[in-house]
1. Among the candidates A30, A22, A46, single out the residue that is at pLDDT below 55, open to solvent by 50 Å² or more (accessible area, probe 1.4 Å) and more than 30 Å from T97 (Cα to Cα).
2. Select from the stretch 63-79 the residues that are closer than 20 Å to C101 by Cα and open to solvent by 100 Å² or more (accessible area, probe 1.4 Å) and list them in ascending order.
3. Being of a type in the set (S, T, Y) and touching a helix residue (DSSP H, G or I) at 6+ places or on another chain (Cβ under 9 Å) is the filter here, so list the residues in the stretch 336-390 that pass it.
4. Out of the residues in the stretch 161-192 meeting the condition of being part of a helix (DSSP H, G or I) and within 20 Å of I89 (Cα to Cα), tell me which one is most open to solvent (accessible area, probe 1.4 Å).
5. Only one of T304, T344 is over 24 Å from G172 (Cβ atoms) and out of contact with any Leu (no Cβ under 7 Å at 6 or more places or on another chain). Can you tell me which?
6. Any residue in the stretch 376-383 that is touching a residue at least 60 places away in the same chain (Cβ under 8 Å), among the polar types (S, T, N, Q) and buried (at least 21 other Cβ atoms within 10 Å of the Cβ)?
7. Considering the stretch 323-333 alone, what residues qualify as being surrounded by 24 or more Cβ atoms within 10 Å (Cβ to Cβ) and under 18 Å from E346 (Cα atoms)?
8. Pick from S83, S2: which is modelled with pLDDT under 65 and polar (S, T, N, Q)?
Amino acid sequence: MSKETKGTSRRQFLTRAAALGAGAVAATGARAAGPDPLITEVQDWASGFGHGVDEVPYGLPIKFEDDVIRRNVEWLTADTISSINFTPIHALDGTITPQGCAFERHHSGAIELSKPDFRLMINGLVDQPLVFTYDDLERFPREQHVYFCECAANTGMEWAGAQLNGAQFTHGMIHNMEYTGVPLRTLLAEAGLDAAGDLKDKWVYVEGADASSNGRSIPMEKAMDDVLVAFKANGEALRKEHGYPVRLVVPGWEGNMWVKWLRRVEVMDGPVESREETSKYTDTLADGTSRKWTWVMDAKSVVTSPSPQAPIKHGHGPVVITGMAWSGHGKITRVDVSKDGGMTWETARLASEGQDKALTRFYLDTTWEGEEWLLQSRAIDETGYVQPTKAQLRDVRGLNSIYHNNCIQTWHVKANGEAENVEVS
């Protein structure tokens, strides 16, 4: 069928569906047998008053959306104190993740640190060690940027084969929010860097205030580029689980470096080689050696619908395939979608031009007549990098890895519209 014919038939279908009413097209788009009582009869919600404006002082989702929540995998860690939960990406659209369902990862639990008790120390190879209060930070010129934050272990359980049946669990260690804060370079300049000498070989060590003392080393080049000391997300204060009142934002780099409850930034001659950058967050290869300093999250994508948690329910006819793509190297420029396991590809429609180190939403408007699909997406970023297959990753890194799995994901869409996680390497 030509693109023109597909487009015409889709328009005709949707025009007919609109004329018939929602109840008439719930299954196949056939004409309704009789009047729809939801239209012809007065319903309870139209027979009396609703809630007043003070019913819920802080707005919450309506009860009909109570399944759109973060979810944990119980067997993944020994205790939820040092664990992770997952963003319900299958139930979201657009690109901005609401704070209330944005994934969280803790190493010793989410702490309650008030603004008056917050302190941020800048020390080490600086001209004048400084300590900032929360109020001090708000006095500096601030910026707003939308960035994705992805855990390095996102999709990590899929290295050995298809494991978890849902986009939330395979790819949900990610969120995308608008952060407001002060560039780290501004605070470093306030302390002065003459004492550090030549900055090209210098590092900063960033540390959180929680009991785990999570700390990471960051090259000075990155610290002076786009790293943000953030105190707002999506226009409001950070949530407790996201590092309230202040966290670090390290655009495009693995989430473990986005230190929460930020308490210290030390300028140093070299990296600390902490636990989180030696025994953890390194990439073990087939021969047992490990790569370190693999900070950047490479281009990646996933179809969020149809998917195991978002099956096709409306029957045959028009269907919108949608998902999201991102790259730590910059902007997403194209996303391709395959229905046959990568044998052929169609270019998807980007909802908007890709943003630097942020999620991009893609759509493929198509039709489904009950045929089985092996549904995949493939992201390409502005550097020309193409998202690899799992076989291509294994050729380089073997089967021992956990982190930085950005392989192409496959959903098997069945004749009844349900979907299952499968591997097509």
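1. Details: A22 fails: more than 30 Å from T97 (Cα to Cα); A46 fails: at pLDDT below 55.
One residue alone meets the criteria, A30.
2. Those that are closer than 20 Å to C101 by Cα and open to solvent by 100 Å² or more (accessible area, probe 1.4 Å): K63, F64, D66, E74.
3. T366, T367
4. Per the stated criteria, the residue is F169.
5. Matching residue, one of T304, T344: T344.
6. Yes, some residue in the stretch 376-383 is touching a residue at least 60 places away in the same chain (Cβ under 8 Å), among the polar types (S, T, N, Q) and buried (at least 21 other Cβ atoms within 10 Å of the Cβ).
7. G323, M324, A325, I332
8. Numbers: S83 fails: modelled with pLDDT under 65.
Among S83, S2, only S2 is modelled with pLDDT under 65 and polar (S, T, N, Q).
The values are calculated or read from the model by the stated rules, or taken from the named source; none is laboratory data. Quick caveat, the model's predicted, so the values are computed rather than measured. All Cβ positions, even for glycine, are placed from backbone atoms using ideal geometry, and neighbour counts span all protein chains on display. Only protein heavy atoms, including side chains, enter the accessible area calculation; ligands, DNA and RNA are left aside. Shrake-Rupley method; radii C 1.70, N 1.55, O 1.52, S 1.80 Å.
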